1. Which length gain, in nm to one decimal place, applies between residue 197 and residue 237 when the Cα-Cα distance is subtracted from 0.36 nm times their residue separation?
2. Would you please name the GluC sites (Glu not before Pro) within region 199-264 that are DSSP coil residues with at most 13 other C-beta atoms within 10 Å of their C-beta?
3. Order of 233, 26, 257 from fewest to most other C-beta atoms within 10 Å?
4. Arranged by the count of other C-beta atoms within 10 angstrom, fewest first, what order do 131, 255 take?
5. Can you sort 238, 182 so the residue with the fewest Cβ neighbours within 10 Å comes first?
6. What are the ³J(HN,Hα) couplings of region 15-32, residue after residue, when phi is run through the Karplus curve with 6.51, -1.76, 1.60 and θ = phi - 60°? Round to Hz, x for glycine and proline.
Amino acid sequence: MIASCPNCDTRFEVPESRLGASGRKVKCGKCGHLWLQRADGSTAPIAATPQPAAAPPPPIDIPEPTAATQPASIIEQTGKRAATEEAASGEAASQPATEAPKPATGPRVVAPPKRRSGKRLVAMLLILVAVLGLAGLGAMALRGGELGKNKLVAGILGAIGLAGEEAESEGLGFENVSTARRSEGTVQMLVVSGEVVNTAAKVRIIPPLRGALLAADNREVQNWTFAAKAEKVEPGQRVKFETTLRAPSMDATDVKVTFATPGS
């Protein structure tokens, strides 16, 4: 119902259920005036008489309305707030608590190890075979004392770092090699002579020389070592050599002169 203050005519909305059958004291929230408000809408002033033994219920404190067009009493606001809080708490209790989503679990995917390309392995094998082949070729040339004459082999070995130090016979060669036979009593003697030529641009030390007798099938049947008539030879110059072999093999048909190598 709508109650009006007898003092300032401020209107308030008061629930009839709160007034009771005999009415109830009401206090204006604007001017603080007290009066007796009945459910039928009638009012009565509060007499200044002694209070009865049984104290009546306390007066309703009605605050000043926030809007004149639609005033609301403290009673109604309190009731609505309580109902709203109860509804909110009931709704919150009825809804189950939502759990935080758990991260998906499963087998961990591991990237397969990278495999080497087959083409790369083949290329590495080919390079290894080529290096071994060149090393073998260089060893054969060194064994025969011909590295100085084979410029291609020397260049390849030098490029791959297998030539090492320059060969003693580098730039040296033989010219005017000849043979002669003579006798000393009943012993046959074979004389081999010739020249060591230096085709290099610097002085060369002449290494030991090696003579070999070859059979008709090019098989070596006898060998020996000797020295030239000088230890070194100037660029573009020649140094003579001569060696005598006592009792040469009867199977020999040819003579070969080379530079001696270790172990020859």
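1. 13.8 nm
2. Counting only loop positions with at most 13 other Cβ atoms within 10 Å, the GluC sites (Glu not before Pro) in region 199-264 are 231.
3. 257, 233, 26
4. 131, 255
5. Listing 238, 182 from fewest to most nearby Cβ atoms yields 182, 238.
6. Along region 15-32, the couplings run x, 5, 5, 8, 8, x, 6, 9, x, 8, 5, 10, 10, 6, x, 9, 10, x Hz.
Each reported figure results from applying straightforward, stated rules to the coordinates on display, with no laboratory input. Just so you know, these numbers come straight off a predicted model, no measurement behind them. Backbone-built Cβ (ideal geometry, glycine too); neighbour counts: all protein chains shown.
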